[in-house]
Amino acid sequence: MKKIIHISDLHVGYKDNAERFYEIVEKVTLRWGGRAGDHVIVITGDLVDNANNTGNYHEVKVGLKAFKEAGFEHILVVPGNHDYGTGEHGDKKFVELFHQAFYGDQRGFPRKDIIGDVAFIGLDSMAEELHWYDELWAEGEVGGRQLRALGEMLKSEDVVSCQKRVIYLHHHPFDFRPLHQLKDSSKLKKVLSEAIAEGVSIDAILYGHNHEGKAHNGQWGIPQCYDAGAATLKPRPKYVDWMPWFKTRSSIRVIDLEQRTASKLL
Ligand SMILES: [Fe+2]
């Protein structure tokens with residue numbers, strides 16, 4: 001079974017983060033490139049710092065191309081709030097632009113990829129965050145359409161017959177601080193809990209957004225729950241970052257679903 005390299009919050013376009021990302025590509029390739037085919041790379045959003053800056057998507061793609069050339073065939077991404085605009089203000093036009101840039105197909109989200117005997121399902125937690133009244137905060141919302149489709153996916157034969165299932169999205173599904181958690185977190189929990197109750201395990205849930213890099217294993221009956229932090233260490237506002245508990249961290253992990261372990265790579 002392939003292992004997962006989980007990366008998040010690159011914020012390419014902010015200061016020298018493009019170079020920092022390329023250094024990460026180099027380090028990951030040096031460490032795991034010899035066994036690239038044994039890994040799936042999952043990047044949980046905020047690939048760029050501001051989608052309005054044309055060229056930021058391209059800079060990310062340069063790094064992803066280097067991963068591919070090193071043999072990392074499977075690279076899965078989901079959008080974060082910065083991938084659809086400034087981070088505070090999103091624009092619907094980026095939904096299609098993001099998909100075209102990073103997937104080149106029209107499958108949309110939820111996005112199902114069966115890789116070996118693992119089903120990966122990506123959610124767009126910006127899908128319901130693109131209205132004028134969503135501009136003030138950036139908690140994320142998956143929305144009813146995706147949740148219904150996710151519920152159906154978790155009943156589909158190809159997903160059920162996989163040994164493991166991994167959900168990945170940008171926003172934090174269970175951070176109990178106000179305005180830090182996915183708005184429809186309880187609805188997502190219900191969909192996943194119903195699948196688990198039917199005997200369809202959810203083996204890992206991967207996310208980013210909060211830049212803290214902590215593990216929350218065991219939440220909602222999911223054994224492996226990881227925030228990958230901010231790979232390029234873009235700091236959050238000073239009023240948040242001064243507390244050690246909330247400090248920005250990079251937690252790029254290599255996740256072993258079979259052993260239910262994870263080791264921090266960087
Ligand atoms: Fe971020």
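Taking the DSSP beta bridges with both ends in the range 108-231, the antiparallel portion is around 35 percent.
Beyond 26 Å, the tail of the calculated P(r) for the chain holds 34 percent of the Cα pairs. Percent of accessible area on the chain owned by carbon and sulfur, 1.4 Å probe? C and S fraction of accessible area: 53 percent. In this structure the amide hydrogen of Arg253, modeled in the peptide plane, comes within under 5 Å of the amide hydrogens of His6, Leu265, none closer than 5 places in sequence on its chain.
Could you give the distance between the Cα centres of the range 155-192 and the range 71-134, to the whole Å? Here the two parts' Cα centres lie 15 Å apart. Using a probe of 1.4 Å, the accessible surface attributed to Thr86 totals some 50 Å² when neighbouring protein chains are kept in position. Simple spin-label estimate for Arg260 and Met1 gives 1.1 nm between the two label positions (7 Å along the Cα-to-Cβ direction from each Cα). Taking every DSSP beta bridge that has both ends in the chain, the antiparallel portion is near 40%. Taking all protein chains into account, the per residue accessible area for the range 1-152 stands at 44 Å² (1.4 Å probe). Here the chain is treated with +1 on each Lys and Arg Cβ and -1 on each Asp and Glu Cβ, and its dipole about the Cα centre works out to around 580 debye. With the helix formula -39500 (n - 2.57) applied to DSSP H stretches of n ≥ 4, the chain reaches a computed 222 nm mean residue ellipticity of -8000 deg cm²/dmol. Here the range 163-263 is assigned +1 on the Cβ of each Lys and Arg and -1 on the Cβ of each Asp and Glu. Its dipole about the Cα centre then comes out at about 360 debye.
The values are calculated or read from the model by the stated rules, or taken from the named source; none is laboratory data. Because the structure is predicted, anything quoted here is derived from the model rather than measured. Reconstructed Cβ throughout: ideal geometry from the backbone, glycine too, with neighbour counts over all protein chains shown. Quick note on the areas: whole protein, heavy atoms, side chains included, nothing else; ligands and nucleic acids left out. Shrake-Rupley method; radii C 1.70, N 1.55, O 1.52, S 1.80 Å.
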